[in-house]
Amino acid sequence: MSHTTTQPQDDVLAVTLASDLTSENEPVDRLKQAFGPKVVPGNPAIWVGIFSELTEFGIFFVIYFIARVHYPQEFLEGPLQLHTTAGTINTLVLITSSFCVVKGIFALRDSRPDAAVRWLWMTVGAGMLYLIIKYWEYQWNVDRGIEVNTNNFFAVYYYTTFNHMLHVGWGSGGIIWAISQIKSGRYTADNHAGLIAAACYWHMIDLAWIMIFPLLYVLR
């Protein structure tokens, strides 16, 4: 008797919990909708490129720590001579650019190509702003006698940041290419793997900088 009374209550509780879990998972569902269910985002070729680039940056980080062990004084004083504000602004710029590229993907998935193009142009604009700030920072360094041959810290600094700057330029070119595909109608709400690939590459660039920034500008 007691079992038949509580059964409907248990069913109601189960339905309520399922509803709550569904609402909590809505952001995750949106991401799955944007990138596709149970598939690797983009295409295999872009991931080969991404892992190759990450390996390259990994080698830079190994060189950084080896040099830091052998030249501790240079790596202690080096960050103090850099323009930390410029590095901080560029960090915020790249984080913002990653937000914009995701918004562009969401817009295209929602069949709003014009909005997608606007968001992606903002991504490119952020990339160009990063390059301008980095160029200004290099000029600021040179005006103060800070060059690649100043010491080992600055050799690592210039080699790593210049290489990253090149990747920002290439990534911006990839986003511009994706914009052209949207405007021509080749990329639609259901077919835009190339945009996903370009976005994955862009996020890799952002991730690399998030690791580079504290090592060169903050860590003493």
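Less than 13 Å Cβ to Cβ from residue 183, Lys/Arg counted +1 and Asp/Glu -1: what total charge do the surrounding residues give? Display every interim value, and only then the final one.
On the way: positive: 118, 186; negative: 114.
Counting the neighbours of residue 183, the net charge comes to +1.
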Exposure proxy order (Cβ contacts within 10 Å, fewest to most) of 164, 83: 83, 164
Proxy reagent accessibility, fewest Cβ within 10 Å first, across 48, 101, 124, 168: 48, 124, 168, 101
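Can you work out the FRET efficiency for the pair residue 220 and residue 92, with r the C-beta to C-beta distance and R0 = 22 Å, to the nearest 0.05? Intermediate values should be presented prior to the final figure.
Numbers: r = 22 Å, r/R0 = 0.99.
Efficiency, from the Cβ-Cβ distance: 0.50.
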Estimated distance in nm for a label pair at residue 118 and residue 170, the labels positioned 7 Å out from Cα along Cα-to-Cβ: 3.2 nm
Difference of contour (0.36 nm per residue) and Cα-Cα distance, residue 71 to residue 136: 20.7 nm
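Grab the other residues whose beta carbon is less than 9 angstrom from that of residue 75, score K and R as +1, D and E as -1, and report the net. Working shown, then result.
Details: positive: 68, 220; negative: 74, 77.
Result for the neighbourhood of residue 75: 0.
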Burial ordering of 47, 209, fewest other beta-carbon atoms within 10 Å first: 47, 209
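Please state the shape class of the stretch 66-190: rounded when a/c is under 1.5, otherwise prolate if a/b exceeds b/c and oblate if not, all from the C-alpha gyration tensor.
Working: a/c = 3.12, a/b = 3.00, b/c = 1.04.
It is prolate, given that a/c is not under 1.5 and a/b is the larger ratio.
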Given charges at beta-carbon only (K, R positive; D, E negative), |dipole| of the stretch 83-220 in Debye: 220 debye
The stretch 127-204-the stretch 75-105 distance, computed between alpha-carbon centres (Å): 12 Å
Dipole of the stretch 41-129, positive direction: furthest Cα of 107, 124, 64, with charges on the beta-carbon: 107
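Every read-out reported here was derived from the displayed coordinates using simple, explicitly stated rules and does not represent laboratory data. Worth saying up front: this structure is predicted, and the values here are computed from it rather than measured. We place every Cβ from the backbone using ideal geometry, glycine too, and count neighbours over all the protein chains shown.
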